[in-house]
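Enquirer: Sharing a structure, written as structure tokens. Questions coming.
The values are calculated or read from the model by the stated rules, or taken from the named source; none is laboratory data. All values reported here derive from a predicted model rather than from experimental measurement. All Cβ positions, glycine included, derive from the backbone under ideal geometry; neighbour counts span all protein chains shown. Side chains included, ligands, DNA and RNA excluded: accessible areas come from the protein's heavy atoms. Shrake-Rupley method; radii C 1.70, N 1.55, O 1.52, S 1.80 Å.
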Amino acid sequence: MGAKESKCNCITYDEAVKRVKEQEIKHLRDAFKRNCSQNGYISKICFIKDILGDNVPPALAESIYTTCGGTSKGISFKDLFCGLVLFARGTVDEKCEFLFNLYSNESGSCITKSDFQKFTFSVEPTSVDMEAVAVLFEKDDRVTHEEFCNWMKRYKDSTSLSRWLFSENNPVSLNNKHDVPTFYQTLAGVTHLEEADIIDLEKVYWNLKEQSKSGKLDLDTLLPMISPPLPLTVCESFFNVFDENRDGHIDFKEMACGISAACRGPLTERQKFCFKIFDINRDGFLSEEDIRNMVDILLFVHKENTYNCETIDKEVVIEDIRSHRNGEALTLEEYVIWTVHNNISMDFLNLIYQVCHIVLGLKPISRQEEGKIVKGWLQREERRGYLVGQFWCLIAIDWWHTWDNFVSSLPKSVSHCIPLEHKISQDSGRSHSLILLSNNLSGSFSNQSNITYTQKGTPARPGPIDNSSLVIPNSYKVQTLTGEGGKLKKNLQQIHDYELVPHSLWKALKRWYGTSLCIPRQVIECSNKNEIELELYPLSLRILRHQIQSPVSNRIPYPQSSSWSGMAGGYGAAALIGVSSYTCTTSTSSIPKRYVAYTATFSRLATIRNVYNYLCDRLKIRPEDVRLWQFHDENNMLLIEDEDFTLEKLGISDDDQILMEIRNKDLTWPEEIGLFALSNMERNKQAPTERGATGLNNLGNTCFMNAALQCVSNTQALTLYFIKNMHLYELNRINPLGMKGHIAKRYGDLIHGIWSGTAKTIAPLKLRLTISKYAPQFNGFQQHDSQELLAFLLDGLHEDLNRVHDKPYLELKDSECRPDVAVAQEAWENHILRNKSIIVDLFHGQLKSKVICKKCGHESVRFDPFNYLSLPLPMESYICIQAIVIKLNGTVPLKFSLRLNADDTYGVVKQQLMQRCGISNYLLKLVLISGSNIKTVLNDDHKVKPTQNGSNLFYAYELPTSSNSFGSISGDEERLSISSIKSTHREAAQTFTAIQRLVRPGSQNNLGGIPNSQIRTISEDSSDSVINFSSGGEICCSEVRWLKTSLCMLASIPSCFQSSESNSSPADCSEILLDEMSGRLTVDSGHCSASSASLADSTDTTNGTSQQPSYIIALHRKMIRQDVYFVSSQKTKPSLFGFPVIVPCQENTTHSELYQSVWLQVARFVSPLPPTETTVSNHAIDCDYSLGYEFPFRLKAVNKDGTECAWCPWYRFCRGCEIQCCDVEFGFSSNYIAIDWDPTALHLRYQSSQESEYECVGEQFSQKFSEPLDLANCLEAFTTEEHLNDDEKYYCSKCKEHQAASKKLQIWRLPPILIIHLKRFQFLNGKWVKSQKVVKFPFNNLDLTDYLAAVPRETINRYLEIKNKKIKKLKDRSQSYEIQIQNDSNIISTNVDIAPVTPDVNSTINYNCISYNQEFAVENVESEEKINSCRNKNTVMKFSENDTCQKRKRLESTSLSRTPIDDTALQDFHQHRLKNEENVFDLKYNLYAVVCHSGILGGGHYVSYACNPNGKWYCYNDSSCREVNDDMDVSCAYMLFYEREELDHERYLPNVIGKIPLNVNDIDQDFESDYKKMCHLM
């Protein structure tokens, strides 16, 4: 057929030109230029989409394209023009020829029957008249041109294409005669504003909304814009006057109508506007208090806006007002009369007039009015003076003089003729004209030099504001990051070179005239002089970055934006909020070259933190990846670390250089690379620092190592050991398990460097290479686990410093039901026989592991050493989703946060929603929404999967209950509508106002606004009962039942109204999807389809009978007017918005009921009408009544995409046939309807912000899973008994086979230095995952007594009991002593030697201390002495049998039964070397270091915090080391380092008297040799 190549046009271009008007040709040419490509052709896709439209079948559209002259290259304008003229104005013969060309064979000589049938059946199988086709090929299978034309003229309706071309009312035309007015024109017709004014106001309105945090023009957004100049006390009232419907924000209609009433209306209307500002309670009267407040405001504004204002007595004004009122309060009419006789209110009226123009964006009605507005605003701000933080903008004096002359001169024919004043004088009847602003406009405004005039003698309108004469051309051809407008020329003077205007006034002038250069400057307060000044010359800085020496693809990308709207450091407008990505460089082997990348301007009072934050936000770089240097030259650069310093305090001056150093991908810093090549002497030239406060250079993703090293470095006992070079006396060079002393030597050298205090940063290069040599798993530049590195380091140090050179072989014995104390002591002694070092002394503890066979009950107990506790964290192996439930009653949707298991299905989602929102899961349809339409219906049996956009947001629609669930309901009952609830409402419901007030979702009841108090309760068994209303209307129970079923299940209907049949639940049903193309039914098992099949096409099957679903889907739609178009059918295109709506529908549902059901669900999107009870006329009511629609939308039958009509064939080019609001039954004539919003209502009343309004329910339910976890919970989980699974069966020595068992871990012996490892990384479901759980842990007084094994725990508990009893006894004795003193002051007891004090609960008792392996008895207790703790090994405290304290009752425990606690001999199982005067049984630990891991698994970053011996905490972030106070971020803590309270560090040092340190020169030689080999290989 003719689709392979283009065919000749049936009409020539010259002939086509004759049939159209010149304006139509111009219109088509403009449209062609807009859509054509560079080669001058329109593509096939553009032809099909933008010219023919989506209605035409694709195969037929391609054939039309080819027949019109289209090729693979495209279609030219002439061919397109001829085709369009043919479609719209071609003759019958020309159209017949076109069809012949389309259907003919490749030669174009004839049409064959087979080709014709094949084409028509494939394109339009159901719309071809087969009888007519049979007539065409009745004589022969080939038809000539003449035969085809004769047949076509006879059978014009034989195909859909011919029906289109030969239709009398062709929907495709070259012009649109039915052009409806725009909403701008509609709004202009009901206000005092022009259409151009409304268009400009809308732009300003959306700009104001963009500045709002809530997305609405609310009071919080408007307040800083209008005050000053408006007094703060009147701002809320000013806002409320605009917000007539009292919904908390100003919509565009309210803003336009309010501005019209305040500025463009007659004087009476404008005074009414002011009256409503003072009428705070909106009762139409001004009380005595209101009058006094009004007078205060009027006098304040009058004083602020008048030069040399004479003092006006407040009481005189109030008395004058009283003389104009007849009652106790002032009415509106009386207020207007008073303003005629007293001009004091005019200043306030003028101020409102200025605010509406300058802030709200109204364009002045004349150039004279513009001059008065601008100059009045400027003079008032100048009188007020500078305010700190305020912005003023510079304007070149030449432009200012031109503008001044333009607005100051009056037309020659009319003197002082101002349109606004003319309107006012006509309305008020006053002889004098209204003075809107101060007449004192002399001064700098009188200069009229360099003025140009038009031919008529009037000054020419100034062009865009030109400030180029004020700035110095930028000599650096780089991007400017700030919006300061450039560097000002030196010695500029106000009035002579420039004029200053407030920023608000500048924005108004920019809107009216435009500009390419804004020069804002900020008011600052000088720190030294305490003076306020305008900073004309802020600091302009050059920002340097490192040049990347890698390939071009790795270069640093520049930001795409070439301009920035504000300045930083007090100058910035607003920092960027979302940081989606960051820029980083690649590591190199030498320092990259530095170059000037940007320029930026900051206030000299800006802090370094301001500069940091601005640069990071502007360039989208993470703050932790940036460092700033004060750069003078290669040999003079200083790292800026104190973020609280100002630029002025740092001595930074104009045009200085700041180096912005960005961390490489491997976490190294470019500047640190060069430091590695420096000698030790050169590195030591760095500025001195606090001992221990030295950073470690990142050597390539070595933050994991640096963080661990800093924590170990701050372990004071170990650091003291290395600083005193004790390790040189104890190096074990022959240990086969060690590293020949290399690890200990390199770590010792590093500790000396860190604690020397001579450098702020050093490179742990030697230790890094030594670790890589002996632990290849840490080699390379990949990220590793800091805990694994720490474990290797401690083990390596231990083996290198092990005092046992010849380890004996020891055989592990079974516990064999022996006492725990004996087994533990044996295990510890065996451990000590093989392992003795400073590491064992400080870091090693002992764990008790008990395994119980589940078959025979045999207990096996082992005691193993440990050097850190690995505590489990709960892993988030669940999915968190959000589900929005959209109810049928039109209330605000409910938003739920749900927590699901990884293998849960969507059916589980519906079950959870049912439990939380009370809607049966059978009445919930879970879907995904995309493009404002339901794209996917989720099957209950499918697993929950994350959404493609990552939001994990699902929508659950409440479905109406099927009609058969409510028993037999008559057709008359079904046709009951909302308007029939009250007979008096039927006529009123036809007006827009009544409709909008009839049903409001979320109100107390939805029965037509009838209060609940007027509804009489009905018993459930009285089916004939009637509900009586005070108005006399009646509704039977069956009607109320229908309301619940058909009208969106109104939430306010009492349960007593429901019949017993309504409780039946719908049966489990299958979904039957209708294939629209083939007409076949496809059954999909489950409750819903998991494909993109349409939700509305599904049908219900109950008891084996197929039923029509009880709902249809409504899509919000608006028609977008196209600027350019080819044919009338494409002048407007549909666009979906918002979210689909489920509309209840039954077989007998009428059109009017559809409208009311839709309105019930969309009413919340429409701003409510102003209250009717107000006594003062509303300036916006006329606008509302004049819009002239009943509902603010029209319903139309559409297809599932919402773009085409569901009833009309494609050749009608119908966007949807309107469903008239009448009593005709709908009958499911369409599964989808479009809610076509009226353009005026859509722009003026539709609140798009309501689309994202949700009522968040159950947030605490979801937040509890992210609540912080106490460290105690982790310790409890660690010591909780666990059951081994089948893969971990235990070999029972009694059963002689592997058996199921339970296992429990407990702490027996605590080390002096306790390292707690929080297991954030775990292997689950075949992959490594990280837990983001926040763990709360104590910094001081961590008590682990409750987590010890039974014997050591009960030993401590028993000691505390004895101690408390002793204290109580001492307290009682002390009190009796005091009583004795009071009774007889002359008698002194010689038997008691106790001071008269009450011991504190925490005070300790002094026991006589004995030496090693001796026992002692407690005989005397002295109150003023403390307990002398016994330090030595195996120390035992023995109490006398004669002690008055009774022995405590034993706890039930297997261990305690084998090892009973003897109160006379309490043993210290931990054996820590503490300072004197300290209790050995007080197990308290203090935190001294933390390792934190931020980010994700494999791509995160390690930092550490540690407490210095000076008591200060420091944050170690690789080479950065800074002091921190309360800003420690330990929410992602990974390892915790605790030290026993009052640990005596000196006592852990070995006795080296008489020993000689080892010679370690060979270790340095070995390293140098290995290092040279490595460099040679590289």
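Enquirer: Yes or no: R1358 without any contact (Cβ under 8 Å) to a residue 12 or more places away in the chain and either surrounded by 14 or more Cβ atoms within 10 Å (Cβ to Cβ) or in a loop (DSSP other than H, G, I, E, B) (or both)?
Expert: Here the answer is no, as R1358 does not meet what is asked.
Enquirer: Would you call A759 of a type in the set (A, V, I, L, M), open to solvent by less than 60 Å² (accessible area, probe 1.4 Å), over 20 Å from G700 (Cα atoms) and not in a loop (DSSP other than H, G, I, E, B)?
Expert: Working: of a type in the set (A, V, I, L, M): yes; open to solvent by less than 60 Å² (accessible area, probe 1.4 Å): yes; over 20 Å from G700 (Cα atoms): yes; not in a loop (DSSP other than H, G, I, E, B): no.
It is false that A759 is of a type in the set (A, V, I, L, M), open to solvent by less than 60 Å² (accessible area, probe 1.4 Å), over 20 Å from G700 (Cα atoms) and not in a loop (DSSP other than H, G, I, E, B).
Enquirer: Here's something else I'd like to know. Filter the range 1283-1297 for residues that are at pLDDT 80 or above and surrounded by 13 or more Cβ atoms within 10 Å (Cβ to Cβ) and give the result.
Expert: Within the range 1283-1297, Y1291, C1292, C1295 meet the criteria.
Enquirer: Need at least 2 residues that are charged (D, E, K, R) per element, so show me which strands (runs of 3 or more DSSP E) inside the range 849-962 make the cut, counting only ones lying wholly within it.
Expert: Numbers: elements: 859-866, 869-872, 878-886, 894-901, 924-930, 933-937, 953-958.
Strands (runs of 3 or more DSSP E) meeting the threshold: 859-866, 894-901.
Enquirer: Taking the conditions exactly as written (under 19 Å from N706 (Cα atoms) and at pLDDT below 85), does G1554 satisfy them or not?
Expert: Taking the combined requirement at face value, the residue does not satisfy it.
Enquirer: In the list G463, G485, which residue meets the criterion of being at pLDDT 85 or above, buried (at least 19 other Cβ atoms within 10 Å of the Cβ) and assigned to a loop (DSSP other than H, G, I, E, B)?
Expert: Result: G485 is the single residue among G463, G485 that is at pLDDT 85 or above, buried (at least 19 other Cβ atoms within 10 Å of the Cβ) and assigned to a loop (DSSP other than H, G, I, E, B).
Enquirer: Can you name the condition, by its number, that C526 falls short on among (1) open to solvent by less than 80 Å² (accessible area, probe 1.4 Å); (2) more than 37 Å from the chain's Cα centre (by Cα); (3) under 20 Å from Q379 (Cβ atoms)?
Expert: The number of the failed condition is (3).
Enquirer: Same structure again: Scan the range 108-124 and tell me whether some residue there is open to solvent by 50 Å² or more (accessible area, probe 1.4 Å), assigned to a loop (DSSP other than H, G, I, E, B) and touching a residue at least 12 places away in the same chain (Cβ under 8 Å).
Expert: For the range 108-124, residues open to solvent by 50 Å² or more (accessible area, probe 1.4 Å), assigned to a loop (DSSP other than H, G, I, E, B) and touching a residue at least 12 places away in the same chain (Cβ under 8 Å): present.
Enquirer: Would you mind telling me which numbered condition in (1) open to solvent by 20 Å² or more (accessible area, probe 1.4 Å); (2) touching a Gly at 6+ places or on another chain (Cβ under 7 Å) T66 fails?
Expert: Status for T66: all satisfied but (1).
Enquirer: Which residue out of L728, L737, L794, L718 is outside any loop (DSSP other than H, G, I, E, B) and over 48 Å from the mean Cα position of the chain (by Cα)?
Expert: When all the criteria are applied, what remains is L728.
Enquirer: Looking at the range 285-340, which of the residues that are outside any helix (DSSP H, G or I) and of a type in the set (S, T, Y) is most open to solvent (accessible area, probe 1.4 Å)? Please lay out each step first, then the result.
Expert: So in the range 285-340, the residues outside any helix (DSSP H, G or I) come out as 285-287, 305-313, 323-331.
Add one more test, that the residue is of a type in the set (S, T, Y), and what stays is 287, 306-307, 311, 323, 331.
On the way: S287: 48, T306: 42, Y307: 88, T311: 141, S323: 84, T331: 32 Å².
Per the stated criteria, the residue is T311.
Enquirer: Still on this structure: Inspect the range 1306-1324 for any residue being open to solvent by 10 Å² or more (accessible area, probe 1.4 Å) and farther than 29 Å from L793 by Cβ and give the result as yes or no. Talk me through it step by step, then tell me what you get.
Expert: Within the range 1306-1324, the first condition is being open to solvent by 10 Å² or more (accessible area, probe 1.4 Å), and the residues that meet it are 1306, 1309, 1317, 1319, 1321-1324.
Keeping just the survivors that are farther than 29 Å from L793 by Cβ gives none.
Among the residues of the range 1306-1324, not one is open to solvent by 10 Å² or more (accessible area, probe 1.4 Å) and farther than 29 Å from L793 by Cβ, which makes the answer no.
Enquirer: Now a separate question. With the requirement that a residue be assigned to a loop (DSSP other than H, G, I, E, B) and more than 21 Å from G108 (Cα to Cα), what does the range 139-157 give you?
Expert: Answer for the range 139-157, where residues must be assigned to a loop (DSSP other than H, G, I, E, B) and more than 21 Å from G108 (Cα to Cα): Y155, K156, D157.
Enquirer: For the list (1) among the charged types (D, E, K, R); (2) without any contact (Cβ under 8 Å) to a residue 60 or more places away in the chain; (3) open to solvent by less than 30 Å² (accessible area, probe 1.4 Å), I need the number of the one condition that R862 fails.
Expert: (3)
Enquirer: Filter the range 341-372 down to the residues that are aliphatic (A, V, I, L, M) and part of a helix (DSSP H, G or I) and list them by number.
Expert: Of everything in the range 341-372, those that are aliphatic (A, V, I, L, M) and part of a helix (DSSP H, G or I) turn out to be I344, M346, L349, L351, I352, V355, I358.
Enquirer: Any idea which residue in the range 823-835 is surrounded by the most Cβ atoms within 10 Å (Cβ to Cβ), counting only those that are among the aliphatic types (A, V, I, L, M) and touching a residue at least 24 places away in the same chain (Cβ under 8 Å)? Talk me through it step by step, then tell me what you get.
Expert: The first filter runs over the range 823-835 and keeps only residues among the aliphatic types (A, V, I, L, M), leaving 823-824, 827, 832-833.
After this cut, where a residue has to be touching a residue at least 24 places away in the same chain (Cβ under 8 Å) as well, the list is 823-824, 827, 833.
Values: V823: 23, A824: 25, A827: 23, L833: 12.
In this case the residue turns out to be A824.
Enquirer: For the range 576-599, does any single residue satisfy the condition of being at pLDDT 90 or above and either in a loop (DSSP other than H, G, I, E, B) or crowded, with 21+ Cβ neighbours inside 10 Å (or both)?
Expert: Checking the range 576-599: at least one residue is at pLDDT 90 or above and either in a loop (DSSP other than H, G, I, E, B) or crowded, with 21+ Cβ neighbours inside 10 Å (or both).
Enquirer: Look through the range 77-107, keep the residues that are open to solvent by less than 30 Å² (accessible area, probe 1.4 Å) and among the hydroxyl-bearing types (S, T, Y), and return whichever of them is nearest to R142 (Cα to Cα).
Expert: Among residues in the range 77-107 that are open to solvent by less than 30 Å² (accessible area, probe 1.4 Å) and among the hydroxyl-bearing types (S, T, Y), the one nearest to R142 (Cα to Cα) is S104.
Enquirer: Additional query: Looking at V355, V336, V340, V301, which is the one that is touching a residue at least 60 places away in the same chain (Cβ under 8 Å) and under 30 Å from G514 (Cα atoms)?
Expert: On inspection, the qualifying residue turns out to be V355.
Enquirer: Here's something else I'd like to know. Taking the range 1209-1253, which residues are open to solvent by 30 Å² or more (accessible area, probe 1.4 Å), small (G, A, S) and assigned to a loop (DSSP other than H, G, I, E, B)?
Expert: G1227, S1229
Enquirer: Mind checking whether some residue in the range 1149-1165 is open to solvent by less than 20 Å² (accessible area, probe 1.4 Å), assigned to a loop (DSSP other than H, G, I, E, B) and modelled with pLDDT of 80 or more?
Expert: Among the residues of the range 1149-1165, at least one is open to solvent by less than 20 Å² (accessible area, probe 1.4 Å), assigned to a loop (DSSP other than H, G, I, E, B) and modelled with pLDDT of 80 or more, which makes the answer yes.
Enquirer: For the range 1183-1193, indicate whether the set of residues that are surrounded by fewer than 20 Cβ atoms within 10 Å (Cβ to Cβ), at pLDDT 85 or above and among the hydrophobic types (A, V, I, L, M, F, W, C) is non-empty.
Expert: No.
Enquirer: When both residues are 6+ apart or on different chains and their Cβ atoms are under 7 Å apart, which pairs have a first residue that lies in the range 169-186 and is within 19 Å of E24 (Cα to Cα), and a second that is open to solvent by 50 Å² or more (accessible area, probe 1.4 Å) and at pLDDT 65 or above?
Expert: Once the first residue is within 19 Å of E24 (Cα to Cα) and sits in the range 169-186, its partners that are open to solvent by 50 Å² or more (accessible area, probe 1.4 Å) and at pLDDT 65 or above give P171/R1212.
Enquirer: Also, I was wondering about something else. In the range 638-664, what count of residues is obtained for those that are among the basic types (K, R) and either more than 32 Å from the chain's Cα centre (by Cα) or closer than 13 Å to I543 by Cβ (or both)? Spell out the reasoning first.
Expert: Initially, the range 638-664 is screened for residues among the basic types (K, R), giving 649, 663.
Cutting the leftovers down to either more than 32 Å from the chain's Cα centre (by Cα) or closer than 13 Å to I543 by Cβ (or both) gives us 649.
Counting residues in the range 638-664 that are among the basic types (K, R) and either more than 32 Å from the chain's Cα centre (by Cα) or closer than 13 Å to I543 by Cβ (or both) gives 1.
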